[in-house]
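One structure is given below, encoded as structure tokens.
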Amino acid sequence: MKAKSYCNPMKLGSVLLFLFFLITTVSSGQSKKEKLDELIKLYSEYDKFNGSVLVAEHGNIIFKKGYGLANIEWNIPNAPNTKHRLGSVTKQFTAMLIMQLVWPRN
């Protein structure tokens, strides 16, 4: 039986991009924490996200929570402090961020 993969770099990138735009926009009603929780719960319910989330604004942590399972075999849930084995998944994101920092702006 093949294990289900939760770490697709394209999905992760699109979720991160969407979260960035969600956080940068301000609207009435729900707080940022509530909006983030609602959004990520929806992704988690459709098996599109499984992991831990930490969002900081101006150096202060405004949201942290775990979603889904850290270990499917043992039914261990994710927590905000769960250590995830990322391997080479983050290299592309790190390289792009470094390029954005060094690229001259007009």
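So for 31, 52, 88, fewest C-beta neighbours within 10 Å to most, what's the order?
Final ranking by Cβ density, sparse to dense: 88, 31, 52.
Counting other beta carbons within 10 Å of each Cβ, put 47, 37 in order, fewest first.
Placing the least packed residue first, the sequence is 47, 37.
Check residue 62: other-chain or 5+ apart residues with amide H under 5 Å from its amide H, H built from backbone geometry?
Answer set, sorted by chain and number: 55, 56, 57.
Using the number of other C-beta atoms within 10 angstrom as an exposure proxy, rank 93, 49 with the fewest first.
Ascending number of Cβ neighbours within 10 Å: 93, 49.
In nm, give the distance between the simple-model label positions of residue 57 and residue 37, each being 7 Å from the Cα along the Cα-to-Cβ direction.
Placing both labels 7 Å beyond Cα along the Cβ direction yields 1.5 nm.
Since every read-out is calculated from the coordinates, none of them should be taken as a lab result. All values reported here derive from a predicted model rather than from experimental measurement. Neighbour counts are summed over all protein chains in view; Cβ atoms, including those assigned to glycine, are modelled from backbone coordinates with ideal geometry.
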